[in-house]
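Reviewing the structure listed below.
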Amino acid sequence: QVQLVESGGGLVQAGESLKLSCAASRSWFSFDVMGWYRQAPGKQRERIASITNGGGTGYADSVKGRFTISRDNARNTVYLQMNSLKPEDTGVYYCSAYKSTVAYWGQGIQVTVSS
């Protein structure tokens, strides 16, 4: 059983920063891809950032240049540094990890950006 636990969410004003963390119950090297998803109110969940086992990263256009995904292998933790936050970044953020066709999800954490 894999557990992913997110932390670091909250309420901030537009232009401010937040850093989300996702701690896994086993080594990140056991997964193929790790990522962060966001579900805004009334919208579908979308992937906003990902990092492969080899360290390659990818971002949605909506967050490119503002968000950075990284990981700490020793702590089995993946981070999402979010800068220059906008009200449209508001939503529930989920950490995910994939191994082949199996996906694991965190419980989600709320991020609210006020204007």
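The values are calculated or read from the model by the stated rules, or taken from the named source; none is laboratory data. Worth saying up front: this structure is predicted, and the values here are computed from it rather than measured. In this analysis, Cβ positions are derived from the backbone assuming ideal geometry, glycine residues included, and neighbour counts consider all displayed protein chains. Accessible surface is based on the protein model in full, side chains and every heavy atom, while ligands, DNA and RNA are left aside. Shrake-Rupley method; radii C 1.70, N 1.55, O 1.52, S 1.80 Å.
Where Lys and Arg each count +1 and Asp and Glu each count -1, what net charge lies around Leu80 among other residues with Cβ under 10 Å from its Cβ?
On the way: positive: Lys19, Arg38; negative: Glu6.
Spelling it out: positives minus negatives among the neighbours equals +1.
Largest first, how would Asp61, Asp72 line up by accessible area (1.4 Å probe)? Present the calculation step by step, with values, prior to reporting the outcome.
Numbers: Asp61 130, Asp72 35 Å².
Heavy-atom accessible area, descending, gives Asp61, Asp72.
Can you give the accessible area of Phe29 in Å² (nearest 10), computed on protein heavy atoms with a 1.4 Å probe?
The accessible area comes out at roughly 110 Å².
Just the number please: accessible area per residue for the chain, 1.4 Å probe, all protein chains included, in Å².
51
How much net charge surrounds Gly108 when only other residues with a Cβ under 11 Å from its Cβ are counted (Lys, Arg +1; Asp, Glu -1)?
Every neighbour counted, the sum reads +1.
Can you figure out the FRET efficiency of Ser62 with Trp105, using R₀ = 22 Å and their beta-carbon distance, to the nearest 0.05?
0.60
How much solvent-accessible surface does Trp105 expose, in Å² to the nearest 10, with a 1.4 Å probe and all protein chains in place?
100
Round to the nearest 10 and report in Å² the accessible area of Arg45, as given by a 1.4 Å probe over the protein chains' heavy atoms.
100
May I ask you to rank Arg26, Arg75 by accessible area, largest first, using a 1.4 Å probe over the protein chains only?
Arg75, Arg26
Could you tell me which GluC sites (Glu not before Pro) in segment 1-55 are loop residues by DSSP with no more than 15 other beta carbons within 10 angstrom of their beta carbon?
Numbers: sites: Glu6, Glu16, Glu46; in loops: Glu16.
Hits after loop and neighbour filter: Glu16.
Would you mind telling me the share, in percent, of accessible area of the chain contributed by carbon and sulfur at probe 1.4 angstrom?
Summing carbon and sulfur atoms, their accessible area is 47 percent of the total for the chain.
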